[in-house]
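Engineer: Mind having a look at this structure? Questions to follow.
The values are calculated or read from the model by the stated rules, or taken from the named source; none is laboratory data. What you see is a predicted model, and the numbers here were worked out from it, not measured in a lab. With ideal geometry, Cβ positions are generated from the backbone for all residues, glycine too; neighbour counts draw on all protein chains shown. To get the accessible areas, we keep the full protein, side chains included, count just its heavy atoms, and leave off ligands, DNA and RNA. Shrake-Rupley method; radii C 1.70, N 1.55, O 1.52, S 1.80 Å.
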Amino acid sequence: MATTTNFGWETPDDTDLVKDGALAIRTLGSAIDTSLVDLKGGTTGQVLSKASNTDMDFNWTTISQSYIGCGVYKASAQSISNNTVTAVTWDAEDFDSDAFHSTSTNTSRLTIPSGKAGKYLITGTLFWSGSDLDESRSILIYKNGAIWRYIDQMQAVNVTNRRTGQSFSTVMDLAVADYVEIYAWQTSGSSLDLTHDFNLITFASISRLGA
């Protein structure tokens, strides 16, 4: 009996007698049935996963769609000294899926936990006391203690109550144990607070996009 090139399924030779046709078909069908048995089963929402370094070895798996990331905010104001680059500390959390943040140790850091390396979306808004747009107010994104991006952007928010806001958004490629910090800088001539009042809450989040 001949065999197929890729999977070695038996097929009749050109010279095989017709009386052996049924047996040949049954043999081929059984070989295919055995090879494709892993395709059986599975439930709604599962996907077929290929086993490594094999020809016809599959598994039905459930893809985790759970959110991975952390949202932090300031539950109280933080004073930022004039012309001093200062790390924003986060004393409260909206959520934290995998211990990205601590409210007691290194509170300025958002740290990538074990097994969660990948591309991350970093977003947030800093709300300042004072509304003079002639003053410089900047955001600096740090990675592992060194500046990674500098953002100089002003946007007036609720000027009646003397508040200004700056928003930021970027994507970072982060390894396990890498940590991200948000730094603030201003040149008003005196200290300014990052606020938590009038529902204008300084906040940030880190969200995993994928590997």
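Engineer: Touching a helix residue (DSSP H, G or I) at 6+ places or on another chain (Cβ under 7 Å), modelled with pLDDT under 95 and not charged (D, E, K, R), is that true of Ser131?
Structural biologist: Numbers: touching a helix residue (DSSP H, G or I) at 6+ places or on another chain (Cβ under 7 Å): yes; modelled with pLDDT under 95: yes; not charged (D, E, K, R): yes.
Yes; evaluated as a whole, the condition is true for this residue.
Engineer: Would you mind stating whether Thr54 is open to solvent by less than 90 Å² (accessible area, probe 1.4 Å) and either at pLDDT below 80 or closer than 30 Å to Phe95 by Cα (or both)? Walk me through it before giving the result.
Structural biologist: Details: open to solvent by less than 90 Å² (accessible area, probe 1.4 Å): yes; either at pLDDT below 80 or closer than 30 Å to Phe95 by Cα (or both): yes.
Judged against the criteria, Thr54 is a match.
Engineer: If you go through region 58-81, how many residues are modelled with pLDDT under 80 and of a type outside the set (Val, Ile, Thr)?
Structural biologist: Number of matching residues: 2.
Engineer: Exactly one of these conditions fails for Gly189: (1) within 15 Å of Ile80 (Cα to Cα); (2) at pLDDT 90 or above. Give me its number.
Structural biologist: Of everything listed in (1) within 15 Å of Ile80 (Cα to Cα); (2) at pLDDT 90 or above, Gly189 misses just condition (2).
Engineer: Could you list, in sequence order, the residues of region 192-207 that are closer than 23 Å to Asn83 by Cβ and of a type in the set (Asp, Glu)?
Structural biologist: Selection gives Asp193 alone.
Engineer: Inspect region 18-30 for any residue being open to solvent by 90 Å² or more (accessible area, probe 1.4 Å) and either part of a loop (DSSP other than H, G, I, E, B) or of a type in the set (S, T, N, Q) (or both) and give the result as yes or no.
Structural biologist: Let us first name the residues in region 18-30 that are open to solvent by 90 Å² or more (accessible area, probe 1.4 Å), namely 18-19, 23, 25-26.
Imposing the further condition that a residue be either part of a loop (DSSP other than H, G, I, E, B) or of a type in the set (S, T, N, Q) (or both) reduces the set to none.
Within region 18-30 (the criterion being open to solvent by 90 Å² or more (accessible area, probe 1.4 Å) and either part of a loop (DSSP other than H, G, I, E, B) or of a type in the set (S, T, N, Q) (or both)), the answer is no, since none of the residues qualifies.
Engineer: List every residue pair whose Cβ atoms lie under 8 Å apart, where the two residues are 6 or more positions apart in sequence or sit on different chains, the first residue falls within region 163-183 and is on the phi > 0 side of the Ramachandran plot, and the second residue, located anywhere, is open to solvent by less than 20 Å² (accessible area, probe 1.4 Å) and of a type outside the set (D, E, K, R).
Structural biologist: Taking only residues 6 or more apart or on different chains, the pairs are Ala177/Ile112.
Engineer: So if I check each of Leu126, Leu121, which one is under 22 Å from Ser190 (Cβ atoms), in a strand (DSSP E or B) and out of contact with any Asp or Glu (no Cβ under 9 Å at 6 or more places or on another chain)? Before the answer, list the steps.
Structural biologist: Working: Leu121 fails: under 22 Å from Ser190 (Cβ atoms).
Sole residue among the options that is under 22 Å from Ser190 (Cβ atoms), in a strand (DSSP E or B) and out of contact with any Asp or Glu (no Cβ under 9 Å at 6 or more places or on another chain): Leu126.
Engineer: Considering region 70-80 alone, what residues qualify as being surrounded by 14 or more Cβ atoms within 10 Å (Cβ to Cβ) and either among the polar types (S, T, N, Q) or in a strand (DSSP E or B) (or both)? Break it down into steps so the answer makes sense when it comes.
Structural biologist: Just the residues of region 70-80 that are surrounded by 14 or more Cβ atoms within 10 Å (Cβ to Cβ), to begin with: 70-74, 77-78, 80.
Within region 70-80, Cys70, Gly71, Val72, Tyr73, Gln78, Ile80 qualify.
Matching residues to (1) in contact with a strand residue (DSSP E or B) (Cβ under 6 Å, 6 or more places away or on another chain); (2) in contact (Cβ under 8 Å) with a residue 12 or more places away in the chain; (3) open to solvent by 50 Å² or more (accessible area, probe 1.4 Å):
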| residue | (1), (2), (3) |
| --- | --- |
| Gly42 | yes, yes, no |
| Gly45 | no, yes, yes |
| Ile68 | yes, yes, no |
| Thr86 | yes, yes, no |
| Asp94 | yes, yes, yes |
| Thr111 | yes, yes, no |
| Lys119 | yes, yes, yes |
| Phe127 | yes, yes, no |
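Engineer: Can you pull out every residue in region 150-186 that is in contact with a Gly (Cβ under 9 Å, 6 or more places away or on another chain), in a loop (DSSP other than H, G, I, E, B) and at pLDDT below 75?
Structural biologist: Met154, Val157, Asn158, Arg162
Engineer: Something else about it: Taking the residues in region 1-10 that are surrounded by 11 or more Cβ atoms within 10 Å (Cβ to Cβ) and modelled with pLDDT under 75 as candidates, determine which candidate is nearest to Ser64 (Cα to Cα).
Structural biologist: Selected residue: Phe7.
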